[in-house]
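Inspection log for the structure reproduced underneath, given as structure tokens.
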Amino acid sequence: MDRPNTRWEILRNLKKSETFLSGEELAKPLGVSRISVWKHIQNLKKMGYEIESKRGEGYKLLEPPDKLLPPEILPLDTEIVGREIIHYEEVKSTNLKMREKSEEEEGLIILAERQTEGKGRLGRNWKSPKGGIWMSVLLKPNIPPVETPLLTMISSTSVFESLQEIGIEGSIKWPNDVLVDGEKICGILTEMDAEMGALNYVIIGIGLNVNFDKNELPDTGATTVQSILEEKVDRKALTGSIITNLDKWYRKLKKNSKEEILDSWRANSHNLGRKVDVEMVTGESFTGTAVDFTDTGGLVVKGENGSERTFLSGDVTLSSDSR
């Protein structure tokens, strides 16, 4: 019987071999026909895999494509996040596509090479050209909706750590951005479905600017990995790193290790200890010093008169005298 994952098993076998493998050698361990192998090889070629075919010798993988395909990222040493990965060439939005999959088991990831209608917070457009990491993660935590900001926190922390692994030192801007030298390199969009005070599911959208120049972006306050390092990086390895880090932090959250999550944010915050302007969706603004985060992910700001206010959402910028 030709199983759905047969194509990936054929690919894995091709990757392991430095010589040609015959159709029979590929087919027999999987219990499929040589015709089936040939069809899967043609599909792999259409996906961008460079595979040489020689009569009498078989098939040999020459070059994998620069795409975030599941077999290029899996397997990972994770327990929850990344159990399954679905890849698309192009979608309107990975978060929108994930809503269609919300009944699936948590840990599902959707990756796209390009988004045509990528969104940030408050419905803002997010340009998502080829060369980035555009990803959504489905989670179903047993936490009250008020603690959902903690999921944004662990997501931005995961990206922050993965960037550190490739030599980029950044900072985390409340509530949902990762910055490098004050320029935005990553945004997190967390959306939830809840009723009667309980979460049904949470979708975390991660948009990371990677292998393209920052001049391609409309936002002059944004940057990319390529612009910082002056070279392209392995997107597949970087994606795997983010997924692995997110799995680690999500398991900490499920074990109620909130203080560890908050301590990481405090240590790497772009805002804490600095004078900030907070603009709310109502149009109201508040100026003060960012002093801490609450155990549900809110930002505590101390005003000039000494009073403290906690914000659960809003746009935060550094005051002119803190830049």
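The values are calculated or read from the model by the stated rules, or taken from the named source; none is laboratory data. Because the structure is a prediction, the values reported are computed rather than measured. Cβ coordinates were reconstructed from backbone atoms using ideal geometry, including for glycine residues, and neighbour counts include every protein chain displayed.
Quick notes on this structure:
- Restricting region 294-305 to residues that are without any contact (Cβ under 8 Å) to a residue 24 or more places away in the chain and under 29 Å from the mean Cα position of the chain (by Cα), the residue that is farthest from W265 (Cα to Cα): V300
- Per-region count, region 63-78, residues touching an Asp or Glu at 6+ places or on another chain (Cβ under 6 Å) and modelled with pLDDT of 95 or more: 1
- Where a residue in region 306-323 is in a strand (DSSP E or B) and its partner, wherever it lies, is at pLDDT below 80, with Cβ under 7 Å and at least six apart: none
- Residues that are modelled with pLDDT of 95 or more, of a type in the set (V, I, T) and closer than 18 Å to G187 by Cα, drawn from region 215-240: T223, T224, V225, I228, T239
- Every condition in (1) more than 18 Å from Q115 (Cβ to Cβ); (2) free of Cβ contacts under 8 Å to residues at least 60 places away in the same chain; (3) buried (at least 16 other Cβ atoms within 10 Å of the Cβ) holds for N176 except the one numbered (1).
- In the set L111, L139, only one residue is out of contact with any helix residue (DSSP H, G or I) (no Cβ under 6 Å at 6 or more places or on another chain), under 26 Å from T296 (Cβ atoms) and in contact (Cβ under 8 Å) with a residue 60 or more places away in the chain; that residue is L139.
- Every residue from region 293-323 that is surrounded by 14 or more Cβ atoms within 10 Å (Cβ to Cβ), on the phi > 0 side of the Ramachandran plot and modelled with pLDDT of 90 or more: G297
- Among the residues of region 152-172, those that are closer than 24 Å to V291 by Cβ and part of a helix (DSSP H, G or I) comprise T152, M153, I154, S155, S156, T157, F160.
- In region 268-291, the residue that is farthest from P175 (Cα to Cα) out of those that are hydrophobic (A, V, I, L, M, F, W, C) and without any contact (Cβ under 8 Å) to a residue 40 or more places away in the chain is F286.
- Here is the figure for region 209-236: residues that are closer than 21 Å to T317 by Cβ and surrounded by fewer than 18 Cβ atoms within 10 Å (Cβ to Cβ) total 4.
Residue-by-condition table, conditions (1) in the same structural domain as E231 (by TED's automatic domain parsing); (2) modelled with pLDDT under 95; (3) more than 13 Å from the chain's Cα centre (by Cα); (4) within 30 Å of V276 (Cβ to Cβ):
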{"position": "R114", "(1), (2), (3), (4)": "yes, no, yes, no"}
{"position": "K119", "(1), (2), (3), (4)": "yes, yes, yes, yes"}
{"position": "G123", "(1), (2), (3), (4)": "yes, yes, yes, yes"}
{"position": "W126", "(1), (2), (3), (4)": "yes, yes, yes, yes"}
{"position": "G131", "(1), (2), (3), (4)": "yes, no, yes, no"}
{"position": "K140", "(1), (2), (3), (4)": "yes, no, yes, no"}
{"position": "T157", "(1), (2), (3), (4)": "yes, no, no, yes"}
{"position": "G167", "(1), (2), (3), (4)": "yes, no, yes, yes"}
{"position": "N176", "(1), (2), (3), (4)": "yes, yes, no, yes"}
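- Among the residues making up region 181-198, those that are out of contact with any strand residue (DSSP E or B) (no Cβ under 7 Å at 6 or more places or on another chain) and either surrounded by 13 or more Cβ atoms within 10 Å (Cβ to Cβ) or at pLDDT below 95 (or both) are G182, E195, M196, G197, A198.
- If you go through region 191-246 and pick out every residue that is under 17 Å from the mean Cα position of the chain (by Cα) and of a type in the set (D, E), you end up with 2.
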